[in-house]
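Accompanying notes for the structure given below.
The values are calculated or read from the model by the stated rules, or taken from the named source; none is laboratory data. Predicted model, so just to flag it, every value in this text is computed and none were measured. All Cβ positions, even for glycine, are placed from backbone atoms using ideal geometry, and neighbour counts span all protein chains on display. Remember, those area values only see protein heavy atoms, side chains included, never the ligands or the DNA or RNA. Shrake-Rupley method; radii C 1.70, N 1.55, O 1.52, S 1.80 Å.
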Amino acid sequence: MKQPRLAPLRDRAACGTCEFGEMHESNDTQFYCRRRAPVLVNSGKGAVFPIVDENDWCGDFREEVDAT
Ligand code: SF4
């Protein structure tokens, strides 16, 4: 059976609607990307999850499923 064509990933992916994005506690347009383990940065904070903007995206995007 033929599958319906999806829009290109760049047109439908966004960290704000990704399964791996978790809203930042002090800025609702920024998200922690929880796709992978925290990474070391040179900020003196040790390992942290990357902070991404609501409309950023990457090739690992997975559409969030509404579990309600
Ligand atoms: S960086 Fe990629 S995996 Fe992480 S929240 Fe954004 S789209 Fe999802």
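Among residues of region 56-68 being within 22 Å of Leu9 (Cβ to Cβ), in a loop (DSSP other than H, G, I, E, B) and of a type outside the set (A, V, I, L, M, F, W, C), the one that is nearest to the ligand (Cβ to nearest atom) is Asp60.
Can you tell me which residue among Asp56, Asp28 is open to solvent by 50 Å² or more (accessible area, probe 1.4 Å), at negative phi and touching a helix residue (DSSP H, G or I) at 6+ places or on another chain (Cβ under 6 Å)?
Working: Asp28 fails: touching a helix residue (DSSP H, G or I) at 6+ places or on another chain (Cβ under 6 Å).
After applying the criteria, what remains is Asp56.
Name every residue in region 31-53 that is within 10 Å of the ligand (Cβ to nearest atom) and open to solvent by less than 60 Å² (accessible area, probe 1.4 Å), in order of residue number. Listed by number, the residues that qualify are Phe31, Tyr32, Cys33, Phe49, Pro50, Val52.
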